[in-house]
Structure formats: structure tokens, C-alpha cells
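> Following this message is one structure expressed as C-alpha cells.
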Amino acid sequence: MSEPVTFLGRAGPAVGTPSAIANRAGARRFTQLRTDAAARYAPFDAMRDRARAIRLHTLANLGGYLRQFADSVEAAGGRVYFAADAAEARSIILGIARDVDARKIIKSKSMVSEEIHLNDALEADGREVVETDLGEFIIQLAGEAPSHIIAPAIHMTAANIGRLFERRLGIDYTDDADELNRFARAHLRRVFLEADMGISGVNFGVAESGSICTVTNEGNGRLTTTAPRVHVALMGMERLVPTTADLVQMIEVLARSGTGQNLSAYTNIVTGPRRDGDPDGPDELHVVILDNGRSRALAGPNAEILACIRCGACLNACPVYRAVGGHAYGAVYPGPIGAVLNPALDGVDPWSDLPFASTLCGACTEVCPVRIDIPRMLLGLRQEAMESGVGFGWIRPGMSAYARAAEHPVLWRAFLALGGIVARTIGRRGHLERLPFHASRWTQHRSLRAPAPESFRASWRRRRG
């Protein structure tokens, strides 16, 4: 049996590819937009502090707010389901689709639906599922997973998309973005009118009113929640705010952090199904609240990761994510947030390599709208991986050797002398171009600063005579 592909196995071939270059350009653009938005709005840091307080307060009182939210949804005419895991969530949604005989289903962007592999379950039951978010629609045609939380097709160029549309949809090739958008709009318009059921994610649920809020830059999300006769909203259990006033704070900080906008183009708030006299809207609203490891994460040392509002800012700022793209992580949630969230939800064993996919530079925390301390959690997960025996096996003896040398001055001076010999022997202009064994990965794409030929202690003694 072949060894499973690790992060390093996926990341190595990705470096320098056209997809990685497109990914890096998109991430840098988003980072600059966020920087500009923060500079335009003086109270931005104070807003981040308020957003953090709201999220941590909600997590600390999550049980009560979940009960209040469920009661409010049902009071507004909706139905609420609690799913313990991905299998139960799929079963609930598939049951709803069968009950209403939904043959054609449209779906707005939802990372939680990716998490539970919902499309596969619905299609295996003979139902047609069409993604309506343009980025999700593109990667659905390509048979890929999202490579970014808010921009699923960030790794694809207009030429890639043009060839994809030519191959899958039968149109003449073009790499003109406006032409591609116009065709996708016309193609999806017909789907909206024919759909029996719409499935959406939930950016925030409001406990006091039972409202669900979706934030997009396309009108497709709004059409998904209102045009079909049945609307199913799929929500991670942590995605609540207590009040509408809190929702306003979160929407503002989300837009500025994610895309640099003061407000996203479409902020859609739905409260219950259509009422008597309403001209449009669904006849039925079903809200599925997913646990799938979140309770375990909430009780663990990394509970703070559930405060994430999925803006994607940490991905855009991360030098590792910029270099390799989202698919290298092999998980639903890529980047710094994924390196913590995936182990928090599933346990560290399946994702033991992801916490090591970081430089620990702290850029993720600097841009996080709710100031999540991701580097601290990555260090804790690295320690957990090593203690459980699923981390990189060569790190333990290396760190043990370092600790032993640091505790014994004679041995430490011997290591320093050996470093000087290495620097004089294989160093070139103060850098090491190639290292052996596991250290070779450091020098595959960069040079490493060589140790000083003379240690500080030796230099001190020589200068002091």
C-alpha cells in the first residue's frame, strides 16, 4: 500500500506553477484591499476588539444562544434540526429533498456543505446539484475543491476558465472576463427558475430573532434563498451572534477584512419562510445546525478557533499559503485557519502535518478581525503531534540533541566549533546552498545563512586578549 500524500508531498509540486502564481497574486490583492480599508476607517482596531468580545462571549454561552436561536427560528415558521456529525447532516438534508421531491437543487456558497460532502450525497441519490456562486460553479465544473474560503477559484486564470467553459459548456473559447461572466449569468438564470430547493450557508445566525444572514458579492446567494419553494440553511453551531446590533458589528468587520469593502454588495437577512401576503420567498425554511467536532473543539485548548468568521484574511497574509495555494492542505479549510480548525474538528492524527505548515511569523493574527492567536495554537498542536507519535519522527531526536548540548557548555562549544568548520567548508559567501538529509528541504528553494566561522565566545576572547 502506498504512503498517504502529505502536505509536503502536495506542496512541493505546487510551488511555482501557474495556479500557485495566480493564487499568490489574488492573495496579495486581497491583503492590500484589507490594508487600504483599515487605513480609511480610523476605528477599525476598536471594531476588531468589539467583534472579538462578541464572538468570545457567544462561545462562552453557546448552549443558551443555540436554544434561543432554535426557538426564534421556529417561532418565525421555520424548522430546526441538530446534526451531531456529517453523516447525520447529510441524512437530514437528503430526507428533506425526498419529502419535497426536489429533483433540481441550487446551492449558494457554503464551506460547511463542503465539510460534510453534501453534493456527493445528493447526486448519489439521483438529484442534480448546481453551485450558483460563480467561483463554486467554476470549480464544480472543474471537479475540484475550493482553494480559498471566500474565493474558491482564486487559483484559476481567465484562460483556464475559458478553456473549462469551452470544454464543459460548449461555448466558443474566450478569456475575456466580462464575456465569461455574462455567459455564466445567462446559464445560471435558467437554473434558478427551475430549481425545487435552494441550499445556503449561514455567515451569522441571530439568536434573538432567528434570522440568518448570508454575505456575498453576487446576487446568486439571494436568489438561492428566495426563488425555490424550499430553502435549507446549513450552519456550523458556532456561527451565532446574540443580537441584531451584534450582527451589524460582525458584518462591518467581515467585509473590511475579507475584501476591503465597507459593506459587501449583498447582505441578505432571512427570517422564517414566506408569510401570507409576501410576494416571494420560500414556502419552507429548514435550518440544519451542525456539530461535527465543534463541541469537542469548544471543550479543548483551542476553542478560540471557533471565533473565526471565515473572512480569509489569514490565508491572504500567510507566506506559506501564498506559495502553495489551498489544495496543498488537502483539507476543506486551508491556510492558517485550516491548520488549526481541521485538527480541532477531526483530531490531530489525520492532520498532524498541517500545524507544521507555517513560519509562525504571526501575520495571520495581525490581520485576523477577531485577533485569534493562531501561532500559539499551532505550537500546541505541534507538541501534541510529537507527543502522540504522529509528527515528523526526525524532530524529536534533533531537539533532544539540541537540548542536551544547550545544557552542557563543553558539548555546546563543540557544536559551535563544528558549525564554524561547516561554514568554512561548504558555505559560499555566507550561505549554505545545499544541506543533507531532512535539512535538504530548507535549501530546495532557498539558501540558508551559514553559521559564523567564529563563535561569539571565541571572538570575545580574541578581542579581549
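Read-outs throughout are calculated quantities, based only on the coordinates presented, and are distinct from any laboratory measurement. Keep in mind that this is a model prediction, so the values were computed, not measured. Because the Cβ atoms are built from the backbone with ideal geometry, glycine has one as well, and the counts that use them run over all protein chains shown.
> Hey, what do the phi angles of the stretch 357-374 turn into as Karplus ³J(HN,Hα) couplings, whole Hz, using 6.51/-1.76/1.60 and θ = phi - 60°, x for Gly and Pro?
Karplus-based 3J(HN,Hα) across the stretch 357-374 equals 8, 7, 8, 6, 6, x, 4, 5, 5, 4, 9, 4, x, 10, 6, 5, 7, 5 Hz.
> Here's another thing I want to ask about it. Hey, can you rank 10-18, 31-39 by average C-beta count inside 10 Å, highest first?
31-39, 10-18
> I need the semi-axes of the equivalent ellipsoid of the stretch 1-113: take the C-alpha gyration tensor, multiply each eigenvalue by 5, square-root it, list largest first in whole angstrom.
After diagonalising the Cα gyration tensor, the semi-axes are 35, 29, 17 Å.
> Have a look at 398, 444, 425 and report the one farthest towards the positive end of the charge dipole of the stretch 395-464, computed about the Cα centre with Cβ charges (Lys/Arg +1, Asp/Glu -1).
Comparing the listed Cα positions along the dipole, 425 ranks first.
> Next up: In cubic angstrom, how much convex hull volume per residue do the alpha carbon atoms of the stretch 302-414 span?
Residue-normalised Cα hull volume stands at 124 Å³.
> Explain nothing, just the number: dipole magnitude of the chain about its Cα centre with +1 on each Lys and Arg Cβ and -1 on each Asp and Glu Cβ, in debye rounded to the nearest 20.
3060 debye
> List every residue whose amide H lies under 5 Å from the amide H of residue 431, counting only residues 5 or more places away in sequence or on a different chain, with H placed 1.01 Å from N in the peptide plane.
Amide H neighbours of residue 431, under 5 Å, 5+ apart: 450.
> Whole Å is fine, so just give me how far the alpha carbon centre of the stretch 199-278 lies from that of the stretch 386-437.
So the two Cα centres are separated by 52 Å.
> At 1.306 mPa s and 10 °C, plugging the Kirkwood radius over alpha-carbon pairs of the stretch 395-464 into Stokes-Einstein gives what diffusion coefficient in µm²/s?
119 µm²/s
> Now for a separate question. Above 17 angstrom, tally the Cα pairs of the stretch 94-192 and express them as a % of all pairs, no decimals.
Counting every Cα pair in the stretch 94-192, those more than 17 Å apart make up 53 percent.
> Taking Cα atoms of the stretch 41-292, Rg/Rh with Kirkwood Rh, to two decimals?
0.97
> P(r) tail for the stretch 143-270, what percent of Cα pairs lie past 18 Å?
63 percent
> Follow-up question, since we're still on this one. How far apart, in nm, are the 7 Å Cα→Cβ label points at residue 50 and residue 366?
2.6 nm
> Now for a different question. What's log10 of I(q)/I(0) for the stretch 68-107 at q = 0.25 Å⁻¹, Debye sum over Cα points only, no solvent?
Calculated log10 I(q)/I(0) at the listed q: -0.94.
> If you line up the Cα atoms of the chain on their principal axes, what length do they span on each, largest first, in Å?
Projected onto the principal axes, the Cα atoms of the chain cover 95, 55, 53 Å.
> Next question. Between the stretch 1-66 and the stretch 106-156, what is the separation of their alpha carbon centroids in Å?
The stretch 1-66 and the stretch 106-156 have Cα centres separated by 19 Å.
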